Amino acid sequence: MSAFETWFAFVAMTVITIITRTFFLLAGDRVTLPQRLQRALRYAPAAALAVIVVPEVLLLDHQFSLHLHNPRLAAAVAATGWFVWRRNMIEMIVVGMAVYTVGRLFL
């Protein structure tokens, strides 16, 4: 890929991003989304997070690894359990990272 193509792609993606993000601001109250679509869009952040996190946790060396010798899976299970028990996000991160570190070093 040439430098021109790289810069063209960069500028084109920037313009498209600006247009799509400002569309609803410029349209104002003239455009309203149906109630059903508004309810569905509430789940978009959780779905995007799941798409990023689940493969990272379940894949080890590009293969599904559903055993507790997978340090990422062990850390995710421990962190989830801790959060369900204590409802504290900071403690959940600390527990998850501690289990992941121990698992990486000793498993």
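The values are calculated or read from the model by the stated rules, or taken from the named source; none is laboratory data. Computed from a predicted structure; not experimentally measured. Don't worry about glycine lacking a Cβ; one is built from the backbone with ideal geometry, like all the others, and counts go over all protein chains shown. Areas reflect the complete protein model, heavy atoms only, side chains present, ligands, DNA and RNA absent. Shrake-Rupley method; radii C 1.70, N 1.55, O 1.52, S 1.80 Å.
Taking Cα atoms only, the orientation of helix 3-27 departs from the longest principal axis of the chain by about 80 degrees.
So, with +1 on the Cβ of K and R and -1 on the Cβ of D and E, and no other charges, what is the size of the charge dipole of the chain about its Cα centre, to the nearest 20 debye? Numbers along the way, then the final one.
Values: 9 positive and 5 negative charges, 95 e Å.
With Lys and Arg at +1 and Asp and Glu at -1, about 460 debye.
Think of the chain as having a plus end and a minus end, set by charges on the Cβ of Lys, Arg, Asp and Glu; of Val15, Ala74, Tyr43, Tyr43 sits farthest toward the positive end of this dipole.
Surface exposure of the chain, expressed per residue as accessible area with a 1.4 Å probe, stands at 86 Å².
Sorting the segments 54-65, 17-28, 73-84 by their residues' average number of neighbouring beta-carbon atoms within 10 angstrom, most packed first, yields 73-84, 54-65, 17-28. Both numbers refer to the Cα atoms of the range 44-106; Rg and Dmax are 12.0, 37 Å. Average 1/r across all pairs of distinct alpha carbons in the chain, invert it, and you get the Kirkwood radius: 17.9 Å. Rolling a 1.4 Å probe over the protein heavy atoms of the chain, with every protein chain left in place, gives an accessible area that is 71 percent carbon and sulfur.
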